[in-house]
Amino acid sequence: MRRAMMAMLGPVAITLPAPATAQSAAAFRAEPDYSFSVETGDGAEDKAAALWAELRTRFADDPDLALAAEAQVAADRGDILAAMQAQSGAVVDCRQEARDDCAPLSLGSAVLGRFYRDNKDVLEFAALLSAGDEPSLEAAQAIAPVAMRLELTERLENIRAASTLRERAVAIYEAEGGEVPWELIAAYFRLSDNYRSQRRYSEAETALEKAAALADETWDFDAAAKGDLALQLAELYADMRRPADAENQVARARAILAQWFEAYEQLPLEAEAAYARSLLGANRLDEAETVFEAIERSLDARMGLPFEPVAVRLMLDRGELHERRGEPAAAEEIYRDIVTRAAAAKIKESPLVARALKRLAGTLQRQQRLDEAAQTYSRALAMLTATVGKAHPATADTLLEVGRVDEAGGRLARAREAYATALAYLAPFPVGLDHAVLQSRIAAVDAALDEKDASLARFARAAEAFDEAIGASASPERAQALHEWGKALIRFRQPTAGHARMREARAMFAQVADETNLARIEALAVEAELLGRRDPGEAYGAIATATRGAVRRMESYEGFDRGAQAELARFAPVFARHVRIAWEVGNAR
């Protein structure tokens, strides 16, 4: 009877349209869009008030439905605060009577939650849904929009709340049995994304594998969605530092999608963008650029919009391409364009804009424009703090870069404070590479301040963090940390142990970075200087490799822009050391 009365409400009923069942990759990303019609114009408020009065009379003996109807009318006239208050009252009234048919009201709460800008209130509604009604398909469907609203903020506390909701939805769908619903696969998909954001990688992998297995069991589950599952797995493997597995999943996704989209000239944007990023990660820059250009042509008009997120992400990828080529000025131009587009679209705060600002600051830093870099990092940090919060890897990573600028400028105490704060921001997350890098940066600053015990103890903790994060795997970050550890040991008069660490670093750099890698060039030059007369032959081998890498890097410059000029200034000491060490080797003979 209750649902029949709700159906009588017509266009203002709180019963919402069922989620779209199109089994597509796009639906995975966006999920059902529950929305209200909003009537505006002359007389709209009077009409709404009259309708509200009629509904109150009609449901005089059902206070919860009267409140729910009031919420709908308030939402239709754009008074979201009143709508949320009325809807909340409806849910509370229903639950106080201990009835088992509150799911439609919870659904209304979830929908109205999409309008709520206050994070505290959205979290309250999430708690309401996760602990409320008896399990039902309606309750599971009510979860989707409010979970998505939480996820869009990217804040850690919201992601955790969304995970709890998604887990409840999965449990409800699993308990139903029978034919596998599309919503169950979608719930696993989004749950995996939430786990990944929290660095719960093994759980994320399990959720995605479950989604893929269910999709394979469902004969009418289309290839587009299966391809999207493979792309999600590729992104997860990239985060887990399993590049070969990531590349295999991208190839698998493209193969699946090629069959589905054979009538089209190219694969969906998500697949091609993932392919381009995998090429970028493998340093196959020319191939990556070709794919990026094809994507830009397919986007066409969208690339010209003031702030189109898909286009902005593509621009960020193109900026990274230029950075990898040693073209910071070209990358700077792209990142500034993103910031300009955001301003034109009147977007004041956005994680995407913050990401562009952070990248922009990095290019300025590489051009030795340290004051500009520091100011831009500060803007990015403020924007990230306001949007995703302090407890977020992006915020911590930006603070790491702020510390690097301070360290390069000789402001060691400030640098150490920035690194320590960034480490505190990462406390809620499992240990990752960023924890290890921060530990090693604090240790290096301690060494520069001649705090021997603190420095060597911190380097040992950094080594433990690397082991926990990536096992015995090699990485550029680990190579750099070993090099810094070696420098510290030599500084503290432990040359044998120090040079042993530096040899480890040299071997690891050779494994994970080519000769033109800037960090590798500078590490080799410093090692050669420290070897000095201790082992002239080994010193010459190190400086010769560094010089060869510097020359090759210079040969790749397409123009002598500010980035190239800044790098050349950094290479000058390398060439000077080469000459001096060659002279010392000659005299030693």
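The values are calculated or read from the model by the stated rules, or taken from the named source; none is laboratory data. Computed from a predicted model, the values in this text were never measured in an experiment. When we count neighbours, we look across all protein chains shown, and the Cβ atoms used for this are built from the backbone with ideal geometry, even at glycine. Side chains included, ligands, DNA and RNA excluded: accessible areas come from the protein's heavy atoms. Shrake-Rupley method; radii C 1.70, N 1.55, O 1.52, S 1.80 Å.
Structural remarks
- So residue 525, is it part of a helix (DSSP H, G or I), modelled with pLDDT under 90 and within 21 Å of residue 282 (Cβ to Cβ): no
- On the stretch given as region 371-406, residues that are in a helix (DSSP H, G or I) and open to solvent by less than 40 Å² (accessible area, probe 1.4 Å) total 21.
- All positions within region 152-178 that are in contact (Cβ under 8 Å) with a residue 24 or more places away in the chain and not in a helix (DSSP H, G or I): 154, 155
- Residue 547 being open to solvent by less than 50 Å² (accessible area, probe 1.4 Å) and either hydroxyl-bearing (Ser, Thr, Tyr) or outside any helix (DSSP H, G or I) (or both): yes
So that you can scan it fast, the table gives a plain yes or no per residue for (1) of a type in the set (Asp, Glu); (2) outside any helix (DSSP H, G or I):
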site: 417; (1), (2): yes, no
site: 450; (1), (2): yes, yes
site: 453; (1), (2): yes, no
site: 457; (1), (2): no, no
site: 466; (1), (2): no, no
site: 487; (1), (2): no, no
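- Within region 501-518, if we keep just the residues that are open to solvent by less than 40 Å² (accessible area, probe 1.4 Å) and in a helix (DSSP H, G or I), the residue that is farthest from residue 574 (Cα to Cα) turns out to be 508.
- Residue check, residue 559 exposed (fewer than 11 other Cβ atoms within 10 Å of the Cβ), modelled with pLDDT under 70 and over 23 Å from residue 361 (Cβ atoms): no
- Count of region 336-366 residues which are open to solvent by less than 10 Å² (accessible area, probe 1.4 Å) and over 14 Å from residue 316 (Cα atoms): 1
- Residues that are touching a helix residue (DSSP H, G or I) at 6+ places or on another chain (Cβ under 7 Å) and outside any helix (DSSP H, G or I), drawn from region 468-485: 474, 475
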